[in-house]
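Encoded as structure tokens, the structure appears first; notes follow it.
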Amino acid sequence: SCQVCPKCCARDPTVGKSALAQMFRNDGAHFQKNYTLVSVQQAQTEFFIFDSAGKDLFSEMLEKLWEQPNVLCLVYDVTNEQSFNNCAKWLEKLRAQAVGVHIPGVLVGNKTDLIGRRVVEQKQAQEWAEKHGLEYCEMSVKEMKNFEAPFHILAKSFHQLYKEKVETFHSLA
Amino acid sequence: MRAIDWCRSSAGAALVLATSSDEQHPAENVADGSSETFWTTTGMFPQEFIIGFPKCVKISKVAIQCYLVRTLRIERSVSKDPVGFQQCIEKGKILNLNQQGFCGNNVLSFSATYLRFIIKSGFDHFVSVHRVMAEGTAENT
Ligand SMILES: Nc1nc2c(ncn2[C@@H]2O[C@H](COP(=O)(O)OP(=O)(O)O)[C@@H](O)[C@H]2O)c(=O)[nH]1
Ligand SMILES: [Mg+2]
């Protein structure tokens, strides 16, 4: 069982990350939880989700919240170029805070249902993600399409990281 | 009375709680007397485990062998049950992770029926604890 503490974040306050976090942690239940469980290769991964609002980019609260993050989920809106451009700032901020520690991350393009209004192409986003060592996926929270994907990707990456670290502990013992 | 290591299952020590439980690397591994076996944390800090002794013992030395632990705090309880803990050792930074050096040179003196090891932060997402030791004598009651 892994306990993960991802930070869901996006600068623009309308990309849909709260919608994603809610959808994912509530399983249709009416009460709000701050965590959820994902299974990868029989290992259960527990997510504690911190939803950082766009305006928090410069707030001091964020530093506290972002102490020792385990994984990163960067959400942007495919119909909003600014939200995509701002991902770089979020990533930079996180990496500056976690020097020397690898933080697995996923870039998520949301609102793929708004086909006619799309301005950020998948190829462009995917290439940017790859260049920065992030996984990539797209979803539509509104249509409940692919919204589990980011969590499965992160759970898998984090579990892989754990296995590698255990190998290191073995070799040091 | 000769001092012995009370953090050994062979001396009657028992793990009563651990916040991470990878069954391949259980917390019992810190008390089996071997440095080859270890307990792993699997996520967010703080992480902790509690060791119970068969009776109240007087501790004069505490040591931990671990990797990637950044800050650690140790608490003790003299209760019959694992409650009412109070801090007995705090070290802001652990420098020599490869050594069994934590507080090893300090001469301590306190009673305990339980010791609680709280890993407040790590240098990585995961840390390992291979062995803990608490040297002391049984209290004459
Ligand atoms: N069309 C569409 N709208 C969405 C989608 N996800 C969220 N929204 C809407 O976008 C707005 C902002 O969503 P919210 O989750 O509050 O964004 P946040 O500020 O990033 O947390 C709301 O009106 C949502 O209903 C989606 O996949 N498609
Ligand atoms: Mg748990």
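Round to a whole number: what % of the accessible area of the range A:68-173 belongs to carbon and sulfur, probe 1.4 Å? Working shown, then result.
Numbers: 2570 of 5180 Å².
About 50 percent, which is the carbon plus sulfur part of the accessible surface.
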- Task: Filter the cross-link list A:K89/A:K165; A:K142/A:K165; A:K163/B:K120; A:K93/A:K131 down to pairs whose alpha-carbon distance in this structure exceeds 27 Å.
- Result: A:K89/A:K165; A:K142/A:K165
- Item | Accessible heavy-atom area order of A:M144, B:M44, B:M1, A:M139, highest first, probe of 1.4 Å | B:M1, A:M144, B:M44, A:M139
- Any idea of A:D113's accessible area? Nearest 10 Å², probe 1.4 Å. 40 Å²
- Task: For B:F85, enumerate residues with amide H under 5 Å from its amide H, sequence gap 5+ or separate chain, H modeled in the peptide plane.
- Result: none
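Set the Förster radius R0 to 30 Å, insert the Cβ-Cβ distance between B:R2 and A:Q68 as r into 1/(1 + (r/R0)^6), and round the FRET efficiency to 0.05.
Efficiency for this residue pair is about 0.10.
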- Item | Point-to-point label distance, A:E127-B:Q87, nm (Cα→Cβ direction, 7 Å offset) | 5.3 nm
- Message: With every protein chain left in place and a probe of 1.4 Å, what is the accessible surface of A:I153, to the nearest 10 Å²?
- Response: 40 Å²
- Message: Under the rule of at least 5 residues apart or a separate chain, name every residue whose amide H is placed under 5 Å from the amide H of B:S20.
- Response: B:E48
- Task: Could you please put B:K55, A:K93, A:K156 in sequence from largest to smallest accessible area, using a 1.4 Å probe?
- Result: A:K156, B:K55, A:K93
- Item | Accessible area of the range B:4-138 belonging to carbon and sulfur atoms, whole % at 1.4 Å probe | 46 percent
- For chain B, what's the relative contact order in percent, using C-alpha pairs closer than 8 Å and at least 6 residues apart? 36 percent
- Message: Checking buried surface per residue: for the range B:34-70, which residues lose a minimum of 50 Å² accessible area in the protein assembly relative to the chain alone (1.4 Å probe)?
- Response: B:F38, B:T42, B:M44, B:Y67
- Task: Can you tell me the FRET efficiency between A:D113 and A:N85 if r is taken as the Cβ-Cβ distance and R0 is 30 Å, rounded to the nearest 0.05?
- Result: 0.85
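Ignoring ligands, DNA and RNA and using a 1.4 Å probe, state the total buried accessible area between A and B in Å², rounded to the nearest 100.
Working: alone 9610 and 7360 Å², together 15110 Å².
Interface area, both chains combined: 1900 Å², rounded to the nearest 100.
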- Message: Just to verify a number: FRET efficiency for B:S60 and B:A11, C-beta to C-beta distance, R0 = 22 Å, to 0.05?
- Response: 0.90
- Starting at the first residue of the range A:117-132, write each ³J(HN,Hα) from the Karplus equation 6.51 cos²θ - 1.76 cosθ + 1.60 with θ = phi - 60°, in whole Hz, x for Gly and Pro. 9, 5, 10, 9, 7, 4, 4, 4, 5, 4, 5, 5, 4, 4, 4, 9
- Item | Phi to ³J(HN,Hα) by Karplus 6.51 cos²θ - 1.76 cosθ + 1.60 over the range B:113-127, Hz, x for Gly, Pro | 9, 9, 10, 10, 9, 10, 8, 7, 7, x, 7, 9, 5, 10, 10
- For A:V106, enumerate residues with amide H under 5 Å from its amide H, sequence gap 5+ or separate chain, H modeled in the peptide plane. A:L72, A:C73, A:L74, A:E135
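The values are calculated or read from the model by the stated rules, or taken from the named source; none is laboratory data. Small disclaimer: the values here were computed from a predicted structure and weren't measured. With ideal geometry, Cβ positions are generated from the backbone for all residues, glycine too; neighbour counts draw on all protein chains shown. All accessible areas refer to the heavy atoms of the entire protein, side chains included, with ligands and DNA or RNA removed. Shrake-Rupley method; radii C 1.70, N 1.55, O 1.52, S 1.80 Å.
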